[in-house]
Amino acid sequence: MRIDPAEIEALFDAIPSVLFFAKDTDGRYTHVNMTMMQRLGVKSRSEVIGRRADELYPVGMSEAYVAQDQRVLGGEVIENVMELQLFANQQPGWCLTCKRPIIEDGRVVGLIGISRDLGQRGGLESQYEPLRLALDYLNTHYAENVRMQTLLDITGFSLSKLERSFRKVFQMTPQQVLTRLRIQIALHLLHGEDSVASIGQACGFSDQSAFTRKFKAEVGMAPRQYRAMIAARALLN
């Protein structure tokens, strides 16, 4: 079953705390929700559709968005990147952004994404920048053996403060965030031809059994079952 992004667009119109967008292979918007329109200060989607982030957002924000788009259009998945977005008052505020490629017949034809507001979360605003640095580290080093001490050094937090802050902002511990990130990347890689064992290793799992166990816990099926499901859907299409 293929879902038209316009249907998702309509759904996200009802969620004012989430930006929704889809873009083509040139990074130009093809779909946006009402929240994004309001934050950009435009009255119709036609003022956004066909334009790139660097044509709509201020210098200092747009460069990071365009760089992300290029990575995703290259096939990468971006999961929970903590960054600044424009809020309704045209002032910057913190959000979590997720982007993933839209793949048809084995090739990337665009991207789809959301940015979820963090807003005011129990006085955590001063901790957002250290948390962003920790999250950036996890996104960059997910394939490695990430040490908790490294995250403590990056944030300057105690262990209890780090775990408490992660739970408040992400509803997960640092280890759970890392596992979720690894699984999301594995989901994308399983659309390719690499072996399940090599994908598990590339995503930072110590061995295939650990990869299979974590994958099944997150996705509800083993990696090989997920790959078989992808193949079956491709035949139907």
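Hey, could you check segment 186-203 for residues that are under 18 Å from the mean Cα position of the chain (by Cα) and open to solvent by less than 20 Å² (accessible area, probe 1.4 Å) and say which is farthest from VAL81 (Cα to Cα)?
Here the residue is LEU190.
Considering each of ILE49, ILE8 in turn, give the residue that is of a type in the set (A, V, I, L, M), at pLDDT 90 or above, open to solvent by 20 Å² or more (accessible area, probe 1.4 Å) and farther than 24 Å from TYR128 by Cβ.
ILE49
Can you tell me which residue in segment 14-54 is nearest to PRO101 (Cα to Cα), limited to those that are acidic (Asp, Glu) and touching a strand residue (DSSP E or B) at 6+ places or on another chain (Cβ under 9 Å)?
Filtering first and then ranking leaves ASP24.
For segment 58-83, give me each residue that is open to solvent by 20 Å² or more (accessible area, probe 1.4 Å), assigned to a loop (DSSP other than H, G, I, E, B) and under 27 Å from GLN127 (Cβ atoms).
Those that are open to solvent by 20 Å² or more (accessible area, probe 1.4 Å), assigned to a loop (DSSP other than H, G, I, E, B) and under 27 Å from GLN127 (Cβ atoms): PRO58, VAL59, GLY60, MET61.
Could you say which residue among LEU162, LEU118 is touching a Cys at 6+ places or on another chain (Cβ under 9 Å) and either charged (D, E, K, R) or open to solvent by less than 30 Å² (accessible area, probe 1.4 Å) (or both)?
Being touching a Cys at 6+ places or on another chain (Cβ under 9 Å) and either charged (D, E, K, R) or open to solvent by less than 30 Å² (accessible area, probe 1.4 Å) (or both) holds for just one of LEU162, LEU118, which is LEU118.
So, ASP54, is that one assigned to a loop (DSSP other than H, G, I, E, B) and open to solvent by 40 Å² or more (accessible area, probe 1.4 Å) or not?
Criteria not met by ASP54.
Could you say which residue among LEU40, LEU86 is farther than 23 Å from ILE185 by Cα, open to solvent by less than 20 Å² (accessible area, probe 1.4 Å) and in contact (Cβ under 8 Å) with a residue 40 or more places away in the chain?
Numbers: LEU40 fails: open to solvent by less than 20 Å² (accessible area, probe 1.4 Å).
Going through LEU40, LEU86 in turn, just one is farther than 23 Å from ILE185 by Cα, open to solvent by less than 20 Å² (accessible area, probe 1.4 Å) and in contact (Cβ under 8 Å) with a residue 40 or more places away in the chain: LEU86.
The values are calculated or read from the model by the stated rules, or taken from the named source; none is laboratory data. Quick caveat: nothing in here was measured; it's all calculated off a predicted structure. Cβ: placed from backbone, ideal geometry, glycine included. Neighbour counts: every protein chain shown. We work out accessible area using only protein heavy atoms, side chains counted, and drop any ligands, DNA or RNA first. Shrake-Rupley method; radii C 1.70, N 1.55, O 1.52, S 1.80 Å.
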